[in-house]
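Here's the structure, in structure tokens; my notes come after.
FYI, it's all coordinate maths here, none of it is from the lab. Bear in mind the structure is a predicted one, so any value in this text is a computation, not a measurement. Glycine also receives a Cβ, built like all others from the backbone with ideal geometry; neighbour counts cover every protein chain displayed.
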């Protein structure tokens, strides 16, 4: 998953606005499903929501840069999943994040449907 | 309607990213309804969508600036409305936009519900 | 230039938020320079700014959709350029925009530097 | 610091997109300086950057909601500061975050200038 940095991603400090790295990770998570011709949800009233996250901002990035996002499954439970995202620029780590997602149906935690659960394999790194 | 400019609003050029002025106008339009304790929609599958817009970018704005957005109804039809937005900074016009909104229900144009239609009065400027 | 629609692009109406189409066009314009290993600017205090734009919102798009953005140079002047952007979804036009960009140096209009000027060829469509 | 939720803040899940809560906290931090007629920086090549953050997403919020953001200084060092942000909706906590900011000048950590340092008082909660 490659991310190009455009004007919209930067701020007056001349670098990428901090929350955007967290958005790039969400793009990477969704893309895992899209490229399998799936959606990261199961009907209108369901989907993954973020429960908590811990992020480290290690380096800067700038207009025109190309970043790479990887996703690794750290732990799977019946209704939640813990992922690790790493963002690199020219093979150097500039951002890392641990994030817990909970599957929610009609506003309440719910067992992750099988087809979605199987996508999050614990032994591979999604690129 | 006053808008403060934060880091998220600016880009690496040091000024407010162009599309954000268009977002501020949407905030102003929604706020017209919110401050009347209404929503700019009528049930889940309805709401106003943008049909076209014409925007002029006249001046720059920067981190920390306070902008003011006004909204004026130019023309009302049964299913659409033409509005003019003006954004000023210290009483100087820096942006103007004409925008046509269509009321849509389940993806198709629909007569604007009465309670929403009455809000868009043709003789006042919403601030 | 292909654009995937992620959660961040959509709003509570279930569709892509209107100003995002205008951002996708800016991505496409910047990418024209990036893919030539150039930047759309000439030093810190310069770059293209939007003077005016006229946008038509023709169709909806949704989470997971893939859009295509094309850019065509309509008119070139010494300090400005008029472009036409078209966004399609499965070969159907869903958005079009005419936009005038002015090259600015230290806050004032300035002749477009030669290397940037040459990129905007009038007889091709950038994809 | 009150934040109104507009269309741009929500996503196709019908709720506020997760990274936006982190943006609201940045607005609140910047506003602490703006309302003292200061900027959260000291010249062009300086400012606070985020080093790390830990966020908990406790409740949902929706189009039209009004949120309140508070900021509390947990720890001050010469070049960095640890803050706690809490976001409430109708006095109920829906989000909390610990965030470490480092003051940076020309890309490197630097002692926080006195006038900025004094703003971050350890015994008050900024609202």
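Structure data summary
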item: Helix-only mean residue ellipticity at 222 nm for the protein assembly as shown, each DSSP H run of n ≥ 4 adding -39500 (n - 2.57), per residue, nearest 500; result: -5500 deg cm²/dmol
item: Nearest-0.05 FRET efficiency for residue D:114 and residue A:54, computed from C-beta distance (R0 30 Å); result: 0.40
item: Cα-only radius of gyration and Dmax that characterise region B:53-127, units Å; result: 14.7, 42
item: Calculated P(r) tail over 44 Å for the protein assembly as shown, as whole % of Cα pairs; result: 11 percent
item: 4 °C / 1.567 mPa s Stokes-Einstein diffusion coefficient of region D:2-126, Kirkwood radius on C-alpha pairs, µm²/s; result: 85 µm²/s
item: DSSP bridge pairs, chain B: antiparallel proportion in percent, nearest 5; result: 100 percent
item: Angle between chain D longest axis and helix D:18-34 axis [Cα atoms, degrees, rounded to 10]; result: 50 degrees
item: Region B:65-110 versus region D:1-56: alpha-carbon centroid distance in Å; result: 26 Å
item: Shielding of A:48-55 by partner chains, average beta-carbon count, 10 Å; result: 6
item: Other protein chain Cβ atoms within 10 Å, averaged over every residue that makes up D:20-33; result: 4
item: Inter-chain Cβ neighbour average for residues B:96-103, partner chain, 10 Å; result: 1
item: Peptides ranked, highest mean first, by Cβ atoms within 10 Å: ranges A:13-26, B:45-58; result: A:13-26, B:45-58
item: Percent RCO, i.e. relative contact order, over chain C, from Cα pairs under 8 Å lying at least 6 residues apart; result: 29 percent
item: Calculated FRET efficiency for the pair residue D:76/residue D:105, C-beta based, R₀ 25 Å, to 0.05; result: 0.90
item: Chain C Cβ-axis minimum, rotational copy A, residue and distance in Å; result: C:8, 5
